[in-house]
Every structure is written in C-alpha cells, then in structure tokens.
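Accompanying notes for the structure given below.
Read-outs: derived from the displayed coordinates by stated rules, not from any lab. Predicted model, so just to flag it, every value in this text is computed and none were measured. Virtual Cβ from ideal backbone geometry, glycine too; neighbours counted across all protein chains shown.
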Amino acid sequence: MASFEYRNGSFHAEDVSVSAVADRIDTPFYLYSHAALTDNFRAFDGAFSGMPHLTCFAVKANSNLAVLSLFAKEGGGADIVSGGELFRALRAGVPADRIVFAGVGKKRSEIQAALEAGIRMLNVESREELAAINEVAGRMGKKAPIALRVNPDIDPKTHPYISTGLRKYKFGIAIEEALEHYREARALSNIALVGIHHHIGSQLTEVQPFADALARIVDLVRNLRAEGIDIRQIDVGGGLGIVYKDETPPHPDELAGAVLPLLDGLGCTLVLEPGRALVGNAGILVTRVLYVKRSGGKTFVIVDAAMNDLTRPSLYGAYHAVVPVRERGGKPVKADIVGPICESGDFLAKDREIPPVSSGDLLAVMSAGAYGFTMSSNYNSRPRIPEAMVRDDNFFIVRERETFEDLVRGEQIPELLLA
C-alpha cells in the first residue's frame, strides 16, 4: 500500500483521508506516515545486515519524539548536533550507547551532558574542540570516546549549502592532517580513540562519491593501525537522497553494495547516519488556500502555510511537489504558491502548473518529512504548526499547535523601561 495516494478522488495518508485530519486540527500541519517511516528504516538498516553496524538517525532532519521513538524501537540510534538533540534522543528512549554527537561548535556544557549520559562517541572537528573535551572529561574523571571527523575532499555533487566534504567548508579535519591529529589525540590522558568519522553532504543521488570518500578513509585507518592506533568504528555519515521531482537516488541496497566491499576484512563496526532517506518522503505539509490573486499577468495562490513553516523552497530554491487534497479537473494553471509572510521570498512553489483551485481548497506539499518542522521558525510571530502521525486508520497529534501565549513565554518588560 502506498503511504500517500488518492482513493476515490480524496488524498489519503495510509487509511486516513487528509481532509479528515484537516477538519480535526485545522491547517497548516505536518502529517507523517508510520508505515513509511518503518519501511524506510527497515530497508536502510537491512541493506547493511552483512556486517556489524548501527543506524543512527540524523535528528536534525526530523526531531519529533514520536519519530525518534519509532526508530529507537526498530533498533536505531541517533546522530545529534546539540545538547537539545541529546535531550530529545534520550527523552524518546534512544539508548545512550547508540548516540553519536557531531557538530563543529559543541559547548563545554553539551560535552559534559554527553559524557554524563554515556554516549557512544563524540565526533571531533578541531584541535581546540579536542582540548575542550579532554579538559571536561578530566574534570569528570572520565575518558571521552571520540572519533575525529576527517574531511576526505570529495565532491558530493549536491547543492553547495548542503555539501560538507570539500576542504573549503567548515567541517572536519583535512585528510592530509588527520594522522597528525590522531597522534596528538593519543597523547591526551582523558581521550579514548574509538573511531573515525566523515560526512560529505546531503541529498546525494549517486553512490560513487560515497565509495570514493570511504576508500580514502579506509586507507587512513590502515595507516593509523600501522602506528598502533586501532580504529574499530567507521562512521560514514549520511546523505542518501530522495525523490523530490525527477531525481533517481540509489536504493540503500545499491549504496551498501558500493561501500561494504571496501570494509571487507577490516574488522570495523559501521555507523550510518541517514536522515532525509528515512523521513523525507514519509511526511507532507497540508495547507489551505486563502485567496487566488491575479496581478501583472501572474496568478498567485495564497495559502496559510509559509516560509517559516517550510523554508527549503526559499532557502535552497528546493522543489516540492504540490497536489490538491481533492482531485480536481479542469485546465491546469501556472501559479506561484505563496504564503502570508511579508517577504518576496515567501513561496512554496513558483511558476508551477496545478489544477485550478479556489479559496478553501486543501493542498498537500509533498516530501516534507525532512528539514520541515525542524527548520521552522516564529517569523512574523506565527505560532509553529502541529505535527500528526497516521498509523493504519488512526491518526495522532504528536505535537500540538503553538499558541500566541507560547510566542511570548519567557519574555518580560522590565519595570525600569516603563518608568
């Protein structure tokens, strides 16, 4: 069964009509499919069953507790990049020894929280960060398990904003300098060298960049072992793409087929950090048409969702398919689908051919399960929207809609300003 499909002219998520959810919780909202999330995790994780591995979901892609809990129950872990994501992963029931902590700017308080929790490893990106971890671990009387993030200088052939594997970007340690960094780390008394990490980018649609990067990392592992640094975990990051429009990303089986032979006989545990590949096509954004405006020879479909709810089109020029929740006949019209925010960059689609729509109609913005809610904001003082999840013929609200009171929680007007 397709997770999202038309049935008798009505768009469904599993066995629930999307319009029924809209009637219950109003628009806009995110809607996820339990079946799609489960199937995606099992397909990805199962592709690597031929060797010891751990699939750590990239929490930045979708940090909802219900999503994290689902993956944890499937045996997955979490790839985190902040203390808040650590808090979320633990709250969702992800075992600490299945959590890896990446990111270029970890605060000492975040490092301490990670060590107190007993996470699997911290992925380290600089000398100064390594020194900070050593200092915090020493103060706590612990040895910090770490992997150095190595930048293999491989072009991932993706959007520059989500490319991370070239030397010109802020991430990781240049591969030519990695051996020296490992030697320095070995000399630190509160550091345990357990792994090596790399991640070259996101929304990759070819397997060759993955294989090219890993080949360079495997050579480095052998050089490290020759110096007595016995690396036993290789974290290959994530980045496998999905279909938004007409892309042809590889299936996880194809990715596994390209990378597993490179690890044969190495005796390492493989750590994987998929994000978009697990959640991207498992979620939609549902919005309602407010007005249809024709001006200057253009048609604008003004909806109640905006760039603060889904920022990818404005930020990256990203494509998301938009379909009516009720199938409509008639000659397609070319329109910009725009939101209420006071910015010319507030759009969900531009020059898009869609069936004719009217005020009150519902639209579904597809492939919105990744980097949707997690990148949302309160710009223009708009409350963040709810998230719901469908399972079979039931749906559940997994995050309530924010209220106006939520917008000002924590704010205050000092009396001195009013004097």
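Within the chain, the longest run free of trypsin sites (Lys or Arg not before Pro) that sit in a DSSP loop with at most 10 other Cβ atoms within 10 Å is 1-167. Structure remark: mean-square fluctuation, Gaussian network model of the chain, C-alpha springs under 10 Å; the largest value among Ile397, Ile242, Ile99 belongs to Ile397. Taking amide H atoms as placed 1.01 Å from N in the peptide plane, the amide H of Asp235 lies under 5 Å from those of Ile196, His197, His198, Val271, each 5 or more residues away in sequence or on another chain.
Can you give the local net charge around Ala2? Use residues other than it whose beta-carbon is closer than 13 angstrom to its beta-carbon, Lys and Arg +1, Asp and Glu -1. Value of the local net charge: -3. Please identify, among Gly330, Gly275, Gly241, the residue showing maximal mean-square fluctuation in a Gaussian network model of the chain using a 10 angstrom Cα cutoff. Top of the fluctuation ranking is Gly330. Taking the C-alpha atoms only, the angle from helix 108-117 to the longest principal axis of the chain is near 80 degrees. Compared with the alpha-carbon gap, the fully stretched path from Thr269 to Ala192 is longer by 26.1 nm at 0.36 nm per residue.
A dipole drawn for the chain from +1 and -1 charges on Cβ atoms has a positive end, and of Ala22, Ala349, Ala282 the residue lying farthest that way is Ala349.
In terms of Cα to Cα distance under 18 Å, which aspartates and glutamates are near enough to Lys106, apart from those fewer than 8 places away along the same chain? Partners found: Asp79, Glu85, Glu116, Glu125, Glu128, Glu129, Glu135. The calculated FRET efficiency for Arg225 paired with Ala43, based on their beta-carbon distance and R0 = 30 Å, is about 0.35. For helix 208-226, report the angle its Cα long axis makes with the longest principal axis of the Cα atoms of the chain; keep it between 0 and 90° and round to the nearest 10°. Its long axis makes an angle of about 20 degrees.
Within segment 339-419, the ratio Rg/Rh, alpha carbon atoms throughout and Rh by Kirkwood, equals 1.08. In a simple Cβ point-charge model (Lys, Arg +1; Asp, Glu -1; nothing else charged), the chain has a dipole of about 400 debye relative to its Cα centre.
Cross-link pairs exceeding 20 Å in C-alpha to C-alpha distance, out of Lys298/Lys350; Lys73/Lys143; Lys293/Lys334; Lys245/Lys293, comprise Lys73/Lys143; Lys245/Lys293. Remark: segment 103-272 projects, on average over all directions, an area of 10.0 nm² (convex hull of Cα atoms).
Label separation (Arg401 vs Asp351): 3.5 nm, computed from points 7 Å beyond Cα along the C-beta direction. Comparing Ser376, Ser189, Ser17 in a Gaussian network model of the chain, where Cα atoms under 10 Å apart are tied by springs, the biggest mean-square fluctuation is seen for Ser189.
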